[in-house]
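Read-outs throughout are calculated quantities, based only on the coordinates presented, and are distinct from any laboratory measurement. Because the structure is a prediction, the values reported are computed rather than measured. Quick reminder, even Gly has a Cβ in these numbers, built from the backbone with ideal geometry, and neighbours come from all protein chains shown.
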Amino acid sequence: MSRRIRIYLDTSDYAAMYCSEPGTSATRTREKLRYLVLNDTIEIGFSFQIVFELLQKAAPQYRDDRLARAKFLKELCGTNAFPYPDDLGKGRRFSHNGFWFAEDFLEIMRADEIAPKVMQRILSDLRPRRNDRRALSKPKTFAKWIRSDPARLNLFTACVLRLPFPPELAASGDLLQYLAGEITLAEANFRLRSYYGDPEAIYRMWFDRYDRENPVGLLRDDLSEGLLAMFQQARKMLDDPLTDLKERIRTLPEIAATREEREQVRELRTRVSQFATEIHSPEWVLKRSPGLLNNFGSESAMVTAGALVGLYLENRELKRSDAIDLLHATYLPHTDLWRGDRAFSHLLLKYKVKYNERVVPTLDNLIPRIEDELVKHREPLAE
């Protein structure tokens, strides 16, 4: 059996489909995608950008709307997720376990780090006798002691509720099971991290419970600064080698007296034109931009470099919105079909950025493109 077709949708696609009116093209696409997901024909993954762009903080009267978006996202994607963009350079790829957050975050979501702190907090609040405290320092004894008294169990639950996790963790009893030795550390860690794979739970925790701002704005601003510096560096690399040459060639006809000398000037112009083509390539930029490789890995860095060259050739400055568009584009090598911002998709297609054949220009084009993929052999993705 051939593998499932992997799809990356744009944030605007989810926004267009989750509450589309009956009979519209968005509704027809949504229902077809639902059918294909249920039949294991396709797999759709979300990302950090998708989660927080789609589930933006909203006034109370719009809360139900945001939760409806989260439910639709979960319905289409399940626990399929693309990694945090910077982690592509660390080798992380598409997964079925909902790990869309930064790898560094995984290191603090460890049961062997969190559970002992909960134990210490409980013991500090209840202040058992010294001899009891020594016995209760053993996880299994502590878990049995907590379970033996409803009041202590309620206190434990309240303490877990204060952790930066969706409230489902407190209701699950996972940490207590780990302390009791009923599940392994690996299983406990997996369960802890899985709570962050539920977009609906994330919305309730991030915006309802903690009243935090949308982190995509902060990510966009930080990334914009880094990409702007990188873009300016790339622009300088693309401009500088040619500026002096072009200026010299401009003055050569004035001193080329013979036919042979004028022929040499024409030949030199041809060579400079060829050189301009060479340096206006993502490969040339990539060799001189190690930061792209370190951040995004070789495949996604090639896409980013190609997009930067395209922006240069368009002779326009990098906008703040381009930063997030570039992040979405880093997943292009890791999916069969990719949807993105309309203008940015046009840029990728116009300048034939690597993997551009996977770009789907509009949502209406998606189902026909999926059908095309179904009838042809699918090459392995960049994994």
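Distance from the alpha carbon centroid of the range 1-46 to that of the range 110-172 works out to 43 angstrom. Proximity of backbone amide H atoms, modeled 1.01 Å from N, is registered between residue 341 and no other residue at under 5 Å, excluding neighbours fewer than 5 places apart on the same chain. What the phi angles of the range 354-364 give under the Karplus curve with 6.51, -1.76 and 1.60, with θ = phi - 60°, is a coupling list of 3, 6, 4, 5, 8, 6, 10, x, 9, 5, 5 Hz, glycine and proline written as x. Estimated from the Cβ-Cβ distance and a Förster radius of 41 angstrom, the FRET efficiency linking residue 151 and residue 102 is about 0.60. Backbone amide hydrogens, once placed in the peptide plane, bring residue 45 within less than 5 Å of 7, 9, excluding anything fewer than 5 places away on its chain. Phi angles across the range 296-309 convert, under the Karplus curve 6.51 cos²θ - 1.76 cosθ + 1.60 with θ = phi - 60°, into 3J(HN,Hα) values of 10, x, 4, 5, 6, 5, 5, 5, 4, 4, x, 5, 5, 5 Hz, Gly and Pro given as x.
Less than 5 angstrom separates the built amide H of residue 137 from none of the residues sequence-distant by 5 or more or on a different chain. Listed values for the range 23-33 are Karplus-derived 3J(HN,Hα) couplings in whole Hz (6.51 cos²θ - 1.76 cosθ + 1.60, θ = phi - 60°), namely x, 8, 5, 5, 5, 4, 5, 4, 5, 5, 5, and x replaces Gly and Pro. Other residues within the sphere of radius under 11 Å centred on the Cβ of residue 27, judged by their own Cβ, net out at +2 (K and R +1, D and E -1).
Cβ-to-Cβ counts within 10 Å put 284, 338 in ascending order as 284, 338, the fewest first.
Translational diffusion of the range 109-209, estimated by Stokes-Einstein from the Kirkwood radius over alpha carbon pairs at 37 °C in a medium of 0.692 mPa s, is 234 µm² per second.
What order do you get for 350, 74 when you list them from fewest to most C-beta neighbours inside 10 Å? Mind showing how you got there, number by number?
Working: 350 12, 74 17.
So the ranking, lowest neighbour count to highest, is 350, 74.
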